[in-house]
Every structure is written in C-alpha cells, then in structure tokens.
1. Please list the equivalent ellipsoid semi-axes of the stretch 271-336, computed as the square roots of five times the alpha-carbon gyration tensor eigenvalues, in descending order and whole angstrom.
2. Using Cα atoms only, what is the angle between the long axis of helix 38-55 and the major principal axis of the chain, expressed in degrees (0 to 90) to the nearest 10?
3. Using heavy-atom solvent-accessible surface (probe 1.4 Å) with all chains present, what is the largest-first order of Ile286, Ile54?
4. For the chain, what is the mean residue ellipticity at 222 nm derived from helices alone (per DSSP H run of n ≥ 4: -39500 (n - 2.57); sum divided by total residues; nearest 500 deg cm²/dmol)?
5. Using square roots of five times the C-alpha gyration tensor eigenvalues, list the equivalent-ellipsoid semi-axes of the stretch 2-88 in whole Å, biggest first.
6. Obtain the radius of gyration and the Kirkwood radius of the stretch 206-342 from its C-alpha atoms and give Rg over Rh.
7. Per residue, how many Å² of accessible area does the chain show with a 1.4 Å probe?
8. Set Lys and Arg Cβ to +1 and Asp and Glu Cβ to -1, take the dipole of the chain about its Cα centre, and tell me which of Ile73, Ala238, Leu63 lies farthest positive.
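The values are calculated or read from the model by the stated rules, or taken from the named source; none is laboratory data. Just so it is clear, the model here is predicted, and its values are computed rather than measured. So basically every Cβ, Gly included, is an ideal-geometry build from the backbone, and we count neighbours across all protein chains shown. All accessible areas refer to the heavy atoms of the entire protein, side chains included, with ligands and DNA or RNA removed. Shrake-Rupley method; radii C 1.70, N 1.55, O 1.52, S 1.80 Å.
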Amino acid sequence: MAIDSGATAWILASTALVMIMTPGVGLFYGGLVRKKNFIDMITLSFVAFALVSIQWVLLGYSLAFGPDVGGFIGNLQYLGLNNVGMNPGPYSTAIPGLLYMVFQLVFATVTMAIVTSGFAERIKFSSYLIFAALWTTIVYDPLAHWVWGGGWTAQFGSIDFAGGTVVHISSGFAALALALVIGKRVGYGKYAMEPANIPWSILGAALLWFGWFGFNSGSAVDANGLAAVAFVTTNTAAAAGAIAWLLVSWAHGGKPSSLGFVSGAVAGLVAITPAAGYVTPMAAIIIGTVGGILCYSIMLWRQSKWVDESLDAWAVHGMGGLWGALATGIFAVAAINGKSGLIEGNVGQFISQVVGAGAAVIYAFLVTYILAIVIDKTIGLRVTEEEEYVGLDISQHGEQC
C-alpha cells in the first residue's frame, strides 16, 4: 500500500491543530478560576499532554486500537508501538500507522485536560498524576476501543465521527463524578469566586475553535470531500452555538456576555463533533443552536443544585456530547457518508446512538466515581483547607502570577 502524501500532510497538520487544543483548555479553564489557581489549571492541561503521551505510546494505543478482545478492549499487540511503523496501518490505507497513532494520541490528551474541570482549585498535584494515568487507561482507552477500535458499540452500529462519545461524554460525566466525590471548594456559595481573567478564557476558546478544525475535519483521515464537509459543519455549528448562548444568556441576564458567547461556541463544537462527517451544514445550524441553548440551561440547573463543577465540563462537554450523539442519529444523511438517521427513516441508527451514548455515560460516570473514591481513601484527592486558602499556585507549585 502506497502512502498518500496529500492525506499524510493533512493529518500531520490536523494533529498539530488538535495538540493546541490541550493548552487551549488550560487557558480557558485558567481564566475562569481565581488568580491564585491560574498557573495550576494551565499546568494540569500541559501535564495531561505529556503524561498521556507517554501512556499512549506505552500501552494506551494498543488498548484502544489493538485487535478486539471481547468487544471491550484491544489486546497488547501494539504495546510500546510494536508493529506500528511508517507503512499504512490497519485503520488507514493512506497514511503511516505512526501518524494515525499520534493523531489519536492528541485526542486522548485533550480529553484528560477537559476532565480537570471536575476538581478545579482543590486537587493535590500528586493525586492528579495518578488519577490521570489510571483514568486514561481504564476509562478513555476502553471507550475509544468500543467506538473506533472495533468494539461492541461499533459492532452494534453506533457511530461517532470525531469523539462526541469518546471525548466529550466521557470527560463531561467524569468531571461530574469527580466534583461529587471531591466536594465543593471552601466557601463555595458563600462568597464570590470571580474568574481571574476572562480575556485568557476567550483566547483559550479561540484556540479550541481553531484546533477543532483538525479535530473534526482531520477525522476524515484523508484530504477529501468528507474532510471539507466536516470543516464546514464544524464552523457552522460553532457559530450557531455561540449566537444561541449569547442571545439566551442576554435575555436571562440582561447583558450580552463575552464569556457566554465563547462558551456557546464550545457547546456548538462539542455538539457537532460526533455528527460532523454525517450531516449537512443546515443540520449543523440546528445542532449547534440546540447545543448552545441546552448547555446554557444545564449550566443554570447545575448552579441551582449547588454542584461545584463550576467550569462546566459536564454541562458543555457531557450534555453537549450526549445531544450531539443523539442528533447524529436524527440528522445523518446517507449521501454524505453512507449513514442515515431518523429524518431519512432509519430508526435503527437512532436506537444505536441511544445505546452507545447511554453506555458511555454510565461507564464513564461510574468508573470515574469508583476510581476517585479509591484514590481519595488511599492517598487523598484534595489539598488541605489551608493549602486551598493560599491557592494551588503557591501550595502545589511554589509559583504565582
């Protein structure tokens, strides 16, 4: 099999685009926490990139994309990247196997970065390192195999073009589980916890929007018409989500929020991710608009319940990803990528989406909850109250802005 130089160049570029999303998450989250925790939040994302990179090379890729074992996990055929080289691999006939591996690597790293929302401003750095390595291995890797590695949800017929289930449902519901286990920040609900720097959050969101073109369009794994479709639907849904959140938050709060605008863009991007290579641009407007309104509403509901998952990975990524997975089963058009949804009369595809997304919700939430409890009961997840008061920048890193 000959390598396609055009496809290879595009996936190399897409990999770099997705890589910038991980520090983008760090900047987005860093701007939302208090100034004394700004460095820590950015560091958690950067460390996620390095830590998960090593995990992926050693065993993560093999667990996710190795030959199927019982529909649940891959075997260890690719352990340490054994049998993964410069020739086209089993998941693409156009690009080197190593390139496909590293393209999937950056998906795994940004997922772990998103999860950090669940313990913002109160996690012990040492516990985070252990949690991140274990979570990627026992939550992300199996889910990636289920959907993209030939696992049971793929066999059942569930589809996910670029990670609505694998990346966003998993990270969002994991963040919710973590927030419930680790508990609220000291003083949460009693006094204001204003964002440190909204412009940094806006910059982070801009990097996410930019990188998402590689995230979704690159998932065509070729430089072709399908990549173009995903590129257009991605941008369209992001714009629709941004405007939808801006308008509903304006009507609710009385002022057009810049932070609401970029949050809506992220919600639209999340929602279109599983559908990007299956739907039309017109459907992308609907998916993004509903995503923006839905995620804003879930955020308000979360606030009313005093759940301290205050960077809203659950509301935006978890619920946005769930909507996107279901929307794929509604709006998929066979003429684009061979899959049809409810609108074209395919009830079976919608059922497959419900099952696949539902399984991801349950697995990610329950396994994360159990893992968090185990770590908390053994080495402890949370910093002391004094360290939390001082701030994690100083107490965990000995640095400050």
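1. Working: eigenvalues 142, 19, 11 Å².
Listed largest to smallest, the semi-axes of the stretch 271-336 are 27, 10, 7 Å.
2. Orientation of helix 38-55: about 40 degrees from the principal axis.
3. Details: Ile286 80, Ile54 105 Å².
These residues rank, largest area first, as Ile54, Ile286.
4. Numbers: 18 runs with 255 residues, N = 401.
Calculated from helices alone, the mean residue ellipticity at 222 nm is -20500 deg cm²/dmol.
5. Numbers: eigenvalues 198, 73, 20 Å².
Over the Cα atoms of the stretch 2-88, the ellipsoid semi-axes are 31, 19, 10 Å.
6. Values: Rg = 14.6 Å, Rh = 14.6 Å.
Rg/Rh for the stretch 206-342 comes to 1.00.
7. Numbers: 14540 Å² over 401 residues.
Each residue of the chain exposes 36 Å² on average to a 1.4 Å probe.
8. Value computed over the given set: Ala238.
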